[in-house]
Amino acid sequence: MTSPSDLVTLAAVKAWLNLPATSADDAALGMLVSQISRNIISYINRASILPKPFTEIRDGTGKTAMMLRNYPVIGMVSLTVDGVAIAASPAPSSGSVAANGYILEATDPEPPGNSQSVFLLGSCFNRGTQNVVHTYNAGYQVSAEPTVAALTVTAQQPYGAWGSDLGVKNASTGAALTKVTGVPTTGQYALSTTVVGGYIFATADIGVNMLISYGYIPFDLAQAALEWIGERYAYRSRIGIASKSLGGQETTSFAISKMPAFIAAILQQYTRVATF
């Protein structure tokens, strides 16, 4: 990815279009990648696809539930109402009643996920102006994927292509490994420059159980980007042409809509509905 908002790589686009590894159109394709990616993120009304922190300052409604604006939520960091911190409600033991605090609604672990609400037990979101502050992390993330350290390990990427690194931990001790740019030593790791989603470990750590976390781009969002980029790339050779007659025997019509209908259908399931 050349931009944080890019949904596909230039290499993926060229593979989809069956273009050679080096092409005179690389610059134009790179611009299309960023342009189409931004268009898609804008269309689905998202601030980001990859995990990032969010702070929402909201008006209290007097109700006990409030839907967050971004999803899927990875975890709450803090919640305050009228300047008073609200703690998470601990998981109740069997047969007991949940304690006062907030509860984050669960989300579907597979994309596209769903909007999530925060519920308060024992209190409410007091009516007020800008008196509720939610701080949380949201985006498409694989958390604590188990792996065994080797010189190079590739993330499994079950739901979409690797997009960002979110850290590595030793599965036995829970200790976080340190990310480096050079050759890692014990307790360190590096990212491969040749393998997307590749993690490089120290020789001394080979065989150690690790947990890796990373952000990803859902497969169908990436495919929508590839299809749309392909459409716009082909359009360069027929700008403004709606149809073409071939020797008077056959007429070919071209789709010239702003967004192909089949791409809009894919994006619809990811579109965030405004809740404010």
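Quick notes
- Fluctuation leader among 92, 20, 184 - the chain, Gaussian network, Cα springs under 10 angstrom: 92
- Note, ³J(HN,Hα) from phi for the stretch 209-223, Karplus 6.51, -1.76, 1.60, rounded to Hz, x at Gly and Pro: 6, 10, 10, 10, 10, 7, x, 9, 9, x, 4, 6, 5, 5, 5
- Dividing the summed -39500 (n - 2.57) terms of all DSSP H runs of n ≥ 4 by the residue count of the chain sets its mean residue ellipticity at 222 nm at -5500 deg cm²/dmol.
- Against the set (i) 79, 55, 32; (ii) 57, 40, 36; (iii) 52, 48, 35, the structure's computed Cα extents along the principal axes in Å falls on (i).
- Derived scalar couplings between HN and Hα for the stretch 9-21 equal 8, 4, 4, 5, 5, 5, 5, 5, 8, 6, 9, x, 4 Hz in order, rounded to whole Hz, by the Karplus curve 6.51 cos²θ - 1.76 cosθ + 1.60 (θ = phi - 60°), x for Gly and Pro.
- Only Lys, Arg, Asp and Glu carry charge here, each on its Cβ (+1 for the first two, -1 for the last two); on that basis the stretch 81-216 has a dipole of about 200 debye about its Cα centre.
- Pairs of Lys residues in the chain that lie 8 or more places apart, or on two chains, and have C-alpha atoms under 23 angstrom apart add up to 5.
- Integer Hz, Karplus 6.51/-1.76/1.60 couplings in order for the stretch 38-44, x for Gly and Pro: 5, 4, 5, 4, 5, 4, 8
- Springs between Cα atoms under 10 Å define the GNM used for the chain, and in it the highest mean-square fluctuation of 154, 22, 178 occurs at 22.
- For the chain, with +1 on Lys and Arg beta carbons and -1 on Asp and Glu, the positive-most of 210, 136, 173 along the dipole: 136
- Net charge dipole, the chain: roughly 540 debye, given to the nearest 20, about the Cα centre with Cβ charges of +1 for Lys and Arg and -1 for Asp and Glu.
- Counted over the stretch 52-200, the DSSP beta bridges are approximately 90% antiparallel.
Each value in this text was obtained by applying a stated rule to the coordinates, not by laboratory testing. Keep in mind it's a predicted model, so treat the numbers as computed, not measured. Positions of Cβ are generated from backbone atoms using ideal geometry, with glycine treated the same way; all protein chains shown enter the neighbour counts.
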